[in-house]
Amino acid sequence: MTIMKRIPEAELMTDEEQAIAYANADFEEPHNHFIELLKESVGHVIPESGLAVDLGCGAADISIRFAKVYSAYQIDALDGAEAMLAEGVKAVNTSGLTQRINLIHAYLQETTLADRNYDLIFSNSLLHHLHDPMVLWNAIKSAKGDPSVFIMDLMRPGSDAEVDALTNKYAKDEPEVLQRDFHNSLKAAFTPDEVISQLSAVGLEGFNVLVVSDRHLTISSK
Ligand SMILES: C[S@@+](CC[C@H](N)C(=O)[O-])C[C@H]1O[C@@H](n2cnc3c(N)ncnc32)[C@H](O)[C@@H]1O
């Protein structure tokens, strides 16, 4: 079977128009799905209160949803793009969660997770942006203590026709900039087998890799 070649996209979402469109898009279904799957996979092992970090938080929608469900958590929400963080600041202010969500401008390659005692590391849709996926796995591997981990991302379809079909199914009513982003993101994403190899290379082979929808996979600690 031939595997469609990965075409990386820009790592940081630095474009203001793109950031505004992303922040205003309707992510209700996939982002609620993220929280439900997080609960199912690591909800039973994380402490009731604690410190979490959201890697590649973007406009902070996932951080906010997490904070509302896990009401005794503090969250460090980190992103390398100022344009996205600016949208995150607005959303966190509106949500009234400024005391619990700490937005941090940081490039993952230059950040250590070894300075703070995180109970949970989570991330949505960051992995496919990274030119070198090992940046994420090395950061997780070097985290202090033994945090639980829950990651969700897109997975790369087998063909251009499938990319077009998924773009049409899920993004056809979105602004053109988001349709283009979703299309490019599907092509930049990793396959489950590639993720399994990445985890094995860094010594995280105990993690679970699951296909959870026609376009998403999750990676979680046991
Ligand atoms: C598709 S968005 C996802 C945002 C958010 N997690 C969500 O689900 O709504 C990916 C985010 O990762 C950020 N990002 C990509 N590469 C990064 C890196 N190397 N360090 C920090 N942030 C990064 C981008 O700037 C962007 O905001």
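The values are calculated or read from the model by the stated rules, or taken from the named source; none is laboratory data. Just so we're clear, the structure is a prediction, and the values are computed from it rather than from any experiment. Glycine gets a Cβ as well: all are built from the backbone with ideal geometry, and neighbour counts include every protein chain shown. Heavy atoms of the whole protein, side chains included, go into the accessibility calculation; ligands, DNA and RNA do not. Shrake-Rupley method; radii C 1.70, N 1.55, O 1.52, S 1.80 Å.
Annotations
- Taken together, the criteria place ALA10 among residues that are within 9 Å of the ligand (Cβ to nearest atom), in a loop (DSSP other than H, G, I, E, B) and either touching a residue at least 12 places away in the same chain (Cβ under 8 Å) or surrounded by fewer than 19 Cβ atoms within 10 Å (Cβ to Cβ) (or both).
- Filtered residue count, segment 15-29, keeping only those that are open to solvent by 90 Å² or more (accessible area, probe 1.4 Å) and either among the polar types (S, T, N, Q) or within 11 Å of the ligand (Cβ to nearest atom) (or both): 1
- When segment 30-53 is filtered for residues that are assigned to a helix (DSSP H, G or I), touching a helix residue (DSSP H, G or I) at 6+ places or on another chain (Cβ under 9 Å), closer than 20 Å to ARG100 by Cβ and open to solvent by less than 50 Å² (accessible area, probe 1.4 Å), the ones remaining, listed by number, are HIS31, PHE34, ILE35, LEU38.
- The number of residues in segment 102-128 that are without any contact (Cβ under 8 Å) to a residue 60 or more places away in the chain, touching an Asp or Glu at 6+ places or on another chain (Cβ under 9 Å), within 13 Å of the ligand (Cβ to nearest atom) and farther than 12 Å from LEU55 by Cβ comes to 2.
- Condition broken by LEU136, with the remaining ones in (1) open to solvent by less than 20 Å² (accessible area, probe 1.4 Å); (2) touching a Phe, Trp or Tyr at 6+ places or on another chain (Cβ under 9 Å); (3) within 13 Å of the ligand (Cβ to nearest atom) satisfied: (2)
Residues are listed down the side, and each one gets a yes or a no for (1) in a loop (DSSP other than H, G, I, E, B); (2) under 22 Å from LEU204 (Cβ atoms):
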{"position": "GLY58", "(1), (2)": "yes, no"}
{"position": "GLN99", "(1), (2)": "yes, no"}
{"position": "ALA114", "(1), (2)": "yes, yes"}
{"position": "ASP132", "(1), (2)": "yes, yes"}
{"position": "LEU136", "(1), (2)": "no, yes"}
{"position": "ILE140", "(1), (2)": "no, yes"}
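- Consider segment 141-152 and keep the residues that are more than 9 Å from the ligand (Cβ to nearest atom) and farther than 16 Å from ILE46 by Cα. The one that is surrounded by the most Cβ atoms within 10 Å (Cβ to Cβ) is LYS141.
- Considering segment 61-82, the residues that are part of a helix (DSSP H, G or I) and buried (at least 21 other Cβ atoms within 10 Å of the Cβ) include one that is nearest to the chain's Cα centre (by Cα), namely ILE62.
- From GLU174, GLU205, residue being open to solvent by 60 Å² or more (accessible area, probe 1.4 Å), over 19 Å from LYS5 (Cβ atoms) and either hydrophobic (A, V, I, L, M, F, W, C) or in a loop (DSSP other than H, G, I, E, B) (or both): GLU205
- For segment 83-97, a tally of residues being in contact (Cβ under 8 Å) with a residue 12 or more places away in the chain and part of a loop (DSSP other than H, G, I, E, B) returns 1.
- Residues in segment 208-221 that are out of contact with any Ser or Thr (no Cβ under 6 Å at 6 or more places or on another chain) and buried (at least 16 other Cβ atoms within 10 Å of the Cβ): VAL209, ARG215, HIS216, LEU217, THR218, ILE219.
- Test: LEU103 is within 20 Å of the chain's Cα centre (by Cα) and open to solvent by less than 10 Å² (accessible area, probe 1.4 Å): no
- Scan segment 1-29 for residues that are over 26 Å from ALA161 (Cα atoms), aliphatic (A, V, I, L, M) and out of contact with any helix residue (DSSP H, G or I) (no Cβ under 6 Å at 6 or more places or on another chain) and the total you get is 2.
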